[in-house]
Amino acid sequence: MTRDKQGIVIRPPSEAGSFLLQTTYGCSHNRCTFCVTYKFVRFEPRPFEKIREDIALASRWNPGIKRVFLCDGDAMCLPTGELERILDCLNEHFPALERVGIYTNASDILTKTPDELDLLRSKKLSIGYLGLESGNDEILSRVKKGATAEEMIQAVRKTQEAGIDMSVIVLLGLGSNAMSEKHAVDSARAVSRMSPRYMSALTLMLLPGTRLYREYKEGDFELMNPLSILKELRLLVENIEVENCVFRTNHASNYLPIAGNLSEDHDRILEVIDTGIEDPNLLRPESRRAL
């Protein structure tokens, strides 16, 4: 596409086949202690002219595109009018368009009115990805998430009331061994209240350049081992009470890939986790884990 891209463009695993459209540079929050993705990118909206150029070029390459994902870290922070303009351009160039996805956070959603969210949904913005990370406010405060569990719960519920499905992410190991149980149980409670359409668990990986990595090196944070991570995952799943929620641990950071529905496949998911706990040979080796 055009040559003005900045930083690293990332997307959720479920958006692997989507047209990735960079609409902002970096992340408007950019203070989470575990994330290095946008540390060296100054946040700013990307000029619409550049966005339109990418859309036009992509439509010449593949006019049958059905799915689009808006990058970078939280494109939902853009004013509703700007998002509307981008969505209109996408719908104009891709007649077969079915779904547009977006990263978001609690403040993005809570500052938009129900009518604004309804408008975006009418233009095919139909799935949002939110990193809950943890349902425990002490952990959220430590990692500088910038929102409380209650704020994220209300944000997810508000978005889904507008017809936009939400995919919620929990980050295993974020509470270390000391707070593993609270992390799992409180996260399960938050997810249960959110009742998202999709939920995934990723596993913490410490990266140089992050504050959490420095805390680890200084002995102020303990990295959990695979067995402890699986036990935390089991406690998380065991305590979630939702209906019709697709569950995945298919991210490359995880030790054990799992897929199912948290209500229909609850017992089977727990059995898969138990099998992994009993037989470490089934787990993804460290050399094959990635972000």
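The values are calculated or read from the model by the stated rules, or taken from the named source; none is laboratory data. If you're wondering where the values come from, they're calculated on a predicted model, not measured in any experiment. As a convention, Cβ positions derive from the backbone with ideal geometry for all residues, glycine included, and neighbour counts pool all protein chains shown.
Some observations on this one:
- The single condition from (1) out of contact with any Gly (no Cβ under 6 Å at 6 or more places or on another chain); (2) aliphatic (A, V, I, L, M); (3) closer than 14 Å to L171 by Cα that A190 fails is (1).
- Residue in the stretch 180-190 that is closer than 30 Å to S287 by Cβ, among the acidic types (D, E) and out of contact with any His (no Cβ under 9 Å at 6 or more places or on another chain) present: yes
- Within the stretch 91-106, restricting attention to residues that are part of a helix (DSSP H, G or I) and in contact with a helix residue (DSSP H, G or I) (Cβ under 6 Å, 6 or more places away or on another chain), the residue that is farthest from F43 (Cα to Cα) is H93.
- Search result, residues across the stretch 103-126 that are within 12 Å of L87 (Cα to Cα) and crowded, with 23+ Cβ neighbours inside 10 Å: L120, L125
- Residue in the stretch 14-27 that is out of contact with any strand residue (DSSP E or B) (no Cβ under 7 Å at 6 or more places or on another chain) and hydrophobic (A, V, I, L, M, F, W, C) present: yes
- The residues of the stretch 174-199 that are closer than 20 Å to E150 by Cβ and either of a type in the set (S, T, N, Q) or part of a strand (DSSP E or B) (or both), listed by number, are S187, S192, S195, M199.
- R42 being part of a loop (DSSP other than H, G, I, E, B), modelled with pLDDT under 95, in contact with a Lys or Arg (Cβ under 6 Å, 6 or more places away or on another chain) and not polar (S, T, N, Q): no
- Among the conditions (1) in contact with a Phe, Trp or Tyr (Cβ under 9 Å, 6 or more places away or on another chain); (2) within 20 Å of I169 (Cβ to Cβ); (3) surrounded by fewer than 17 Cβ atoms within 10 Å (Cβ to Cβ), A290 misses just one, which is (1).
- For the residues P196, P257, the requirement of being crowded, with 22+ Cβ neighbours inside 10 Å and either among the basic types (K, R) or more than 26 Å from Y38 (Cα to Cα) (or both) singles out P196.
- Candidates in the stretch 144-173 are the residues that are part of a loop (DSSP other than H, G, I, E, B) and in contact with a helix residue (DSSP H, G or I) (Cβ under 6 Å, 6 or more places away or on another chain); of these, the one that is farthest from L125 (Cα to Cα) is G173.
- Answer residue from the stretch 74-90, given it is assigned to a helix (DSSP H, G or I) and touching a strand residue (DSSP E or B) at 6+ places or on another chain (Cβ under 8 Å) and is surrounded by the fewest Cβ atoms within 10 Å (Cβ to Cβ) among those: E82
- Meets criteria (of a type outside the set (G, A, S), at pLDDT 90 or above and in a strand (DSSP E or B)) for L57: no
- Close pairs (6 angstrom Cβ cut-off, 6 or more residues apart or separate chains): more than 16 Å from S167 (Cα to Cα) in the stretch 258-276, at pLDDT 95 or above and part of a strand (DSSP E or B) anywhere: I269/G260
- Within the stretch 91-102, the only residue that satisfies the criterion of being aliphatic (A, V, I, L, M), buried (at least 18 other Cβ atoms within 10 Å of the Cβ) and more than 16 Å from G163 (Cα to Cα) is L97.
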